[in-house]
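The values are calculated or read from the model by the stated rules, or taken from the named source; none is laboratory data. Worth saying up front: this structure is predicted, and the values here are computed from it rather than measured. The area values use the complete protein model at the heavy-atom level, side chains included, leaving out ligands, DNA and RNA. Shrake-Rupley method; radii C 1.70, N 1.55, O 1.52, S 1.80 Å.
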Amino acid sequence: MSRIGKKPAKIPAGVKVAVDGNFVQVEGPKGKLRQELRPEVKLAIEGGDVTVSRTEETRQGRAMHGLYRALIVNMLKGVSEGYEKKLEIVGVGYLAALAGKVLQVRAGFANEIQMPIPEGLKVTCPDQNHIVIQGIDKQMVGQFAAEVRSIRKPEPYKGKGIRYDGEVVRRKAGKAVTK
């Protein structure tokens, strides 16, 4: 039995969960999320809990059991609290700015990188060296943050690049100078 899958997911106050055929819909104060269910799993709403069970005892069924329980918990947290990723830009002349629904990043290239902000995400730049990405969908927030970071990953010699807030970049020593 899946250790993650057999735990019931607690429904926070102010959040509604509805199962409609092959879809589960979670609605809360921050918004609404909808997820399609695989045929290997089924949901039951009992009291203030959502329990996920599997319909078949196959390897795929066991894998989907834990996965869908985790997805439901992420949806419940997303519509009640939301998700946030913070990025930090390190380097001389490296900066970020917002122009409408486009994030503009200067990261040492000849051109400025223009990244359109997906629907459902809120991106802010408190200053030129920080980016804050907020949303209710954990996967969407993480994916967009990873795409922004991939513009210029932090390099190990000077530490320049775009990194997650609090990310530790292991620094390497440069060339050793000998006499």
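A few comments on the model shown:
- Set K7/K42; K85/K138; K7/K85; K6/K30 screened for pairs whose C-alpha atoms are more than 19 Å apart: K7/K85; K6/K30
- Fluctuation leader among I72, I113, I133 - the chain, Gaussian network, Cα springs under 10 angstrom: I113
- Rolling a 1.4 angstrom probe over the protein heavy atoms with all chains in place gives the chain an accessible area of 62 Å² per residue.
- Shape metrics for the range 96-179, restricted to C-alpha atoms - Rg then Dmax, Å: 15.3, 59
- Binning the alpha carbon pair distances of the range 1-137 at 5 angstrom intervals from zero yields the distribution 2, 10, 16, 16, 12, 10, 9, 9, 9, 5, 2, 0, expressed in whole percent.
- Here the accessible area is traced with a 1.4 Å probe on the protein chains. For the range 26-179, carbon and sulfur cover 50 percent of it.
- Normalising the Debye intensity of the range 1-81 to I(0), with uniform scatterers on Cα atoms only, and taking log10 at q = 0.21 Å⁻¹ returns -0.89.
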